[in-house]
Each structure stands twice: as structure tokens, then as C-alpha cells.
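**Q** Quick one: the structure is below, and I'll ask about it shortly.
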Amino acid sequence: MKVRYRAAAGVAALTLAVAACSGGSGSDNRQPSAEQSKQAQRQMAETPSFSINPVPYDQVKDGGTLTLSIGQWPSQWNVHHIDGNQADTATMLDPLMPQLMLADENASFKANPDYVTDVKEDRSSGKQVVTYTLNDKATWSDGTPITWKDLAAAWKADNGENKGFKTASTDGWDKIESIEKGDSDKVAVITFEKPYSEWQGLYNRATSHLFPAGHMATQQAFEKDYLQKIPVTAGPFKVESIDESTKTLTLVRDDKWWGSKPKLDKLIFRTISDPAAEVNAFANGELDAVEVPSGSPADLKRAKEVPDTEIRKALSPNWRHITVNNQSEFLKDKPVRQAVQHAIDRDVITRSNLKDMDWPMQTLGNHVFMNNDKRYADNSGGTGTYDLGKAKQLLDTAGWKQEGEYRKKGGDELDLTIVIPSEMPASKAEAELTQAMLKEAGIKLTIRPVPADKLFTDYLNKGDFDLAPFAWIGTPLPLGSLPQKYKTGSESNYPKASDPAVDAAIEAVVDETDPAKAAELANAADKLLWDMVHTIPLYQRPEIWAVKKTLANFGARGYKYLDWTTAGFTG
């Protein structure tokens, strides 16, 4: 599961939202009305699973340049590395690096024929064995064949046994017993020590793309080989240039590509850290498509007014939340974390951020499943509901007494910090809304803007924050990513939260092979996460794209993985 820093705050709704949370508990006027809830459910049912203007390959024009924007320029291009675990980085690598399995709009996986000619799962031996037969033509850009050794190198780097590898996630990798050569170097036989139901998510953007073994085998290579460079690729496109001064990646067709010839001549990814500026660039004709920031109805309105534009939206496994540092000075105490959670009205933030966005205004009550997932249950009851009185009671019991505007204990003021990307005014607005809510409980919240491209590497990865709102860009396989985000010791467990009961519950989920039982166990684990206050879910993040009408096979992809050989223009 990839992280994304982009905020989603509704500036226009800020004044109304802040006013709504002043003066006593006032919980009655915070809850969505029955009609609002019905409207949200109708919108959820009407929102498609994907919207990319699917056009057959032979009907897409040959040639052309597609210019897109990303919000965060990476320094680490190795997406296996914790510093490379960003959604924008994965997006730029999709046309360059192998993905062995691809998901469709229904979250079903199949082998990617450009890299895999056959894949089999077998449990007849009593153990789960997955065998990949790799495409004979599949070759790295340096001329080295793609073989079973590349799969084995990823496993050895990511399985957690060697702590020197700063891996983004050990999910699934730590369940593999061995990866061996089959009948030839093009056959990889993966034997799992424990069954892993979401094995299809390995070796693609759900975890990390496949990288060449020579650049993964040692800690030095893992750390340095893809730092500020992309030395080896194996996709329909290749790198023409990486411009660090303008933070622009330019890709062109790779004439060594063995699959279908890409329709586009060139792909350009420009870094524009302010989402409003991205929409402006689209309106000015500098971009061919842009993701409209949630919580910005003015940007949506402007995008709609651009001539020959189509709005494409889809329900995606992406969600916005507030991460809560379980190891920071004042938040080590669980009752204080629970007080913070009770003091934040998630319904108000959701309605503020999604107002006038043509998107279902439904608050998310689950850390695992999205609102439109049939396995979804709202498990926020108890510790996850807004209750200002309960928040105050918890703080009183914990020894934090109200003294003036804020609470104090042993001479220390209860002063928390929320870290946000400085380039985004909308993030500041969302933080100010949270700040006003916590003040009602006597909690001081200091807003700390930091450079967007340093938010993860210098702050979240290092635990230098109390609260941090951002979005998880999810995958079609939500269960396998539970250890990555929530288990003790994971590099992507940004709050550094640790609870043996949570760890055991997560293990029970990922070890379960019966889908219905796994869903039941996942919801049980979710209740523990609410109690722990690891993360405060807000809402299922909108995926709304404004694109040129003639752009085909691109847009709001939902759960679907894009085929970059078919993306292009019809006119």
C-alpha cells in the first residue's frame, strides 16, 4: 500500500465547519441527517468502479505526447525502500518496470502476459506453491534476461530477516519459505511457509514492482542504485531524462520492448506540488489530465469549464486519515490518544472536505475496508465516535486538568503538533479545523508546515510529528497490507504503535485462507485498531480526474491497473 501526502481540506467550508464545532458538545447538529445519509448511499451506488474511456488498441491514434503532473518528486526510485513508498513514484514507474499480475476493475488478478506466460497455485503438497513461468522475451534494459533470480532477490530484501534493508513492507514476503529455479531460469517456484491468500499482490504496484536482482542483492545496492536515478528498466517506455532542476521525468518508447508498441511517443510527468496549480496548468493547456483535489469544489468547477474536458471519477481503495504518533511525548498514553480521537468530529471534517465535490459524503468507519466493499462494517462505535464530554473525562482521569484555555499536567501544557505540507493551503485549512476541535477539549494543536517532498523522509519516517493527515493509496488486496501499516516493527507503521493483541489479530487475518472468515477476523482486528488509536479514518478519498475528451484508456482507474501500451488519443 502506497502513501500519498496530498491533503483534502475544504477551504470554502472552513468557516461553516469551524462554527459548527464551537460551544459545548453540540453533537446533535454534527451527525448527517437521514436524507444526507440516503443521498450519500445513492451517490455511492451510482459512482462507477472505473472511468478511463476504454477504447480498443487499434482505434487509438499512433503517436502523441501525454503530459501529466505528480505532487511529490522522489529522491528514492526504489519503491521497495521505505523512502520510495510513494504513490506518485509508483505511478511513474508503471510504464517502466515489470508488474507480474494485473488487477481489473473488479479487483480480480490475472497474469500480465508481457512478463508471465503462465502462473499456477498448488496446495497438493500441503504447502502453498506458486509457480511463475516468465516470458522468454522479458529482458532488462541492460540486456540481462528477467529470471527467477529477480523474484528471489526481492524476497530476500523484503522478508525482514536482514534489518539492514529499509524495506517499505514485509507483507507476504515474510511468509515465503523459498524461491527456487524451476525447469529453467525463466521458471520461479515460490513455496510459502504459511498460506498467503493475497499472493497476487506481490511483484506489482500493490507491493512493489519487480526490480533487477543485481540492484537488490546488497544493502548498498538497495539503498543507492536507484537513488536519484533509474539505471535499469523493463517496460514499454524508457527514461529519456530526469531533470532534477525542474523535477520532471520524461519517458519515450523503448525500441527494445517486446510487447505491443505503445501508442504514445512520449510521457511527461511534471512536479506541481500545489493541487490548485495543477488544475490551473490543465486549464491553461499545459497538462492533458489532472486529478482534481478533494475538498476543492472551486477547482472542480474550473476543470469542468475547460473546453473539451470530461470528468472521470471512480470508487478507489484510497482513504484519508490522521496518523497518530503512539510514541510521541504526550500521546504515549492511550487514554490521551482516545481523547484526541473523541474530540475530532470526523463527520464535520468529511462534510467540510467533500462539500460540493459530487462525491458521497460518507465518513469511513473502518481501517481495512472501504465503504463500497461488501465486507465493510462501521467499527468506530465506542472509541471512534465524536464525544467531547468523553474526551474531557479521559483527560481529567489522565491528570490533564484544564488551566485557562488549555490543559496542564506537572507544569507541562498539552501541546501537540500536526505536520502538513507547506505548499498546500488546503492542508492548512484542514489542520485549522482540527485545531479548533481539539481546543474545545483543552488540547493545544500547533500547525507545523514542512516541505512536501520532505514530509515522509524527514518527518513521518523519523517519527517527528504528533498528528499527520495524509492518504493511503490502497490496493485491490487490503488484507495483505495490514502488517505493513499496523504491525509492530514495520517501517510503514508511522505511529510506531505496538500491541501484541493487534499483532496477533493481524496474523490471524493474513493466515486465514477462507475469505468469509478472513473478513470476519479483519473486522475484529479493526476494532482493536480503533481502541489503539493508531490512525483516525476520515473518508474514502475521491478519485476525480479532469481529462481531454480524446484521451483514451486513462483516467479514474479505481481498482484497475492501467495498460500503458493502450493509453493515447483518439483525435
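**Q** Along the charge dipole of the chain, pointing to its positive end and built from +1/-1 on Cβ of Lys, Arg, Asp and Glu, which listed residue (Val79, Phe192, Val290) has its Cα farthest out?
**A** Val290
**Q** Counting other Cβ atoms within 10 Å, keep those with at most 10, restrict to DSSP loop, and tell me which trypsin sites (Lys or Arg not before Pro) in the stretch 138-177 are left.
**A** Working: sites: Lys149, Lys156, Lys163, Lys166, Lys175; in loops: Lys163, Lys166.
Of the trypsin sites (Lys or Arg not before Pro), the ones in loops of the stretch 138-177 whose Cβ has at most 10 other Cβ atoms within 10 Å are Lys163.
**Q** Give me D for the stretch 78-213 in µm² s⁻¹, whole number, from Stokes-Einstein with Rh from the Kirkwood sum over alpha-carbon pairs, 37 °C and 0.692 mPa s.
**A** Values: Rh = 15.1 Å.
Calculated translational D: 217 µm²/s.
**Q** Going by how many other Cβ atoms sit within 10 Å of their own, how do Tyr57, Tyr196, Tyr376 line up, fewest first?
**A** Working: Tyr57 14, Tyr196 24, Tyr376 18.
Ascending number of Cβ neighbours within 10 Å: Tyr57, Tyr376, Tyr196.
**Q** Most exposed first by the Cβ proxy, i.e. fewest other Cβ within 10 Å, how do Ser316, Ser169, Ser75 rank?
**A** Values: Ser316 23, Ser169 26, Ser75 15.
With the fewest neighbours first, Ser316, Ser169, Ser75 line up as Ser75, Ser316, Ser169.
**Q** So, one more: Using only alpha carbon pairs under 8 Å that are at least six residues apart, calculate the relative contact order of the stretch 78-213 and give it in whole percent. Intermediate results must be reported in sequence, preceding the final value.
**A** Details: 243 pairs, mean separation 41.9, N = 136.
Contact order relative to length: 31 percent.
**Q** Got the relative contact order for the chain handy, in percent, Cα pairs under 8 Å and 6 or more residues apart? Walk me through the intermediate numbers first.
**A** On the way: 1295 pairs, mean separation 147.3, N = 571.
Computed value for the chain: 26 percent relative contact order.
**Q** Could you pull out every one of the aspartates and glutamates with an alpha carbon less than 14 Å from that of Lys61, ignoring same-chain neighbours closer than 8 positions?
**A** Asp265
**Q** While we're looking at this one, here's another question. Which of the peptides 554-561, 509-516 is most tightly packed, and how do the rest follow, judged by the mean count of other Cβ atoms within 10 Å per residue?
**A** Working: 554-561: 22.9, 509-516: 15.6.
Top of the packing list down: 554-561, 509-516.
**Q** Which loop GluC sites (Glu not before Pro) in the stretch 267-351, with loop taken from DSSP, have no more than 13 other Cβ atoms within 10 angstrom of their Cβ?
**A** Working: sites: Glu278, Glu286, Glu291, Glu305, Glu310, Glu329; in loops: Glu286, Glu329.
Taking the stretch 267-351 and a limit of 13 other Cβ atoms within 10 Å, the loop GluC sites (Glu not before Pro) found are Glu329.
**Q** In 20 Å bins starting at 0, how do the alpha-carbon pair distances of the chain split up by percent?
**A** Calculated P(r), rounded to whole percents: 21, 56, 22, 1.
**Q** Additional query: For the cross-link pairs Lys229/Lys548; Lys390/Lys439; Lys127/Lys181; Lys392/Lys496; Lys38/Lys549, which exceed 20 Å when the distance is taken from alpha carbon to alpha carbon? Write out the running numbers ahead of the final one.
**A** On the way: Lys229/Lys548 31 Å; Lys390/Lys439 15 Å; Lys127/Lys181 17 Å; Lys392/Lys496 25 Å; Lys38/Lys549 32 Å.
Table pairs above 20 Å Cα-Cα are Lys229/Lys548; Lys392/Lys496; Lys38/Lys549.
**Q** In degrees from 0 to 90, rounded to the nearest 10, what is the angle of the helix 388-397 Cα long axis to the longest principal axis of the chain?
**A** 80
**Q** Report the residues of the stretch 458-492 in range of a label on Asn162: point 7 Å along Cα→C-beta, backbone N strictly under 18 Å from it.
**A** 491
**Q** Okay, moving on. What dipole magnitude, in Debye to the nearest 20, does the chain give about its Cα centre under +1 on Lys/Arg Cβ and -1 on Asp/Glu Cβ?
**A** Values: 67 positive and 79 negative charges, 111 e Å.
For this selection, approximately 540 debye.
**Q** Also, quick follow-up: When the helix-only estimate is applied to the chain (DSSP H runs of n ≥ 4, each -39,500 (n - 2.57), divided by the residue count), what is the mean residue ellipticity at 222 nm, nearest 500 deg cm²/dmol? Can you show the working numbers first?
**A** Details: 14 runs with 142 residues, N = 571.
Using -39500 (n - 2.57) per qualifying helix, the result is -7500 deg cm²/dmol.
**Q** To continue, here is another question. Taking 0.36 nm per residue of separation and subtracting the Cα-Cα distance, what length does fully extending Lys454 through Thr117 add?
**A** Numbers: separation 337, 0.36 × 337 = 121.32 nm, distance 4.05 nm.
Residue separation times 0.36 nm, minus the Cα-Cα distance, leaves 117.3 nm.
**Q** With a point put 7 Å past each Cα toward its Cβ, work out how far Ser245 is from Asp378 in nm, to one decimal.
**A** 5.5
**Q** Now a separate question. Going by average Cβ neighbours within 10 Å, how do the peptides 218-229, 84-95 rank, with the highest at the top? Intermediate results must be reported in sequence, preceding the final value.
**A** Working: 218-229: 15.9, 84-95: 22.8.
Answer by packing, highest mean first, reads 84-95, 218-229.
**Q** While we're looking at this one, here's another question. Which of the aspartates and glutamates could a cross-linker span from Lys224 if the Cα-Cα distance has to be under 15 Å and same-chain partners fewer than 8 positions apart are dropped?
**A** Here the aspartates and glutamates satisfying the reach criterion relative to Lys224 are Asp83.
**Q** Report the gain in length on full extension from Ser498 to Glu413: 0.36 nm times residue separation, minus Cα-Cα distance, nm rounded to one decimal.
**A** Working: separation 85, 0.36 × 85 = 30.60 nm, distance 2.57 nm.
Stretched fully, the Ser498-Glu413 segment lengthens by 28.0 nm.
**Q** Round to the nearest 0.05 the FRET efficiency obtained for Glu223 and Thr65 when R0 = 41 Å and r is the Cβ-Cβ distance. The partial results should precede the final answer.
**A** Values: r = 34 Å, r/R0 = 0.82.
The calculated FRET efficiency here is 0.75.
**Q** Describe numerically, in nm with one decimal, the distance between label points set 7 Å from Cα along Cα→Cβ at Tyr57 and at Lys439.
**A** If labels sit at Tyr57 and Lys439, their model points lie 5.9 nm apart.
**Q** Where in the stretch 238-295 are there trypsin sites (Lys or Arg not before Pro) that are in a DSSP coil and have at most 10 other Cβ atoms within 10 angstrom of their Cβ? Working shown, then result.
**A** On the way: sites: Lys238, Lys247, Arg253, Lys256, Lys263, Lys266, Arg270; in loops: Lys247, Lys256, Lys263.
Taking the stretch 238-295 and a limit of 10 other Cβ atoms within 10 Å, no loop trypsin sites (Lys or Arg not before Pro) are found.
**Q** Another question, then. Roughly what angle does helix 515-532 make with the longest principal axis of the chain, taking Cα atoms, 0 to 90 degrees, to the nearest 10?
**A** 40
Since every read-out is calculated from the coordinates, none of them should be taken as a lab result. Everything quoted here is computed from the prediction, not taken from an experiment. All Cβ positions, even for glycine, are placed from backbone atoms using ideal geometry, and neighbour counts span all protein chains on display.
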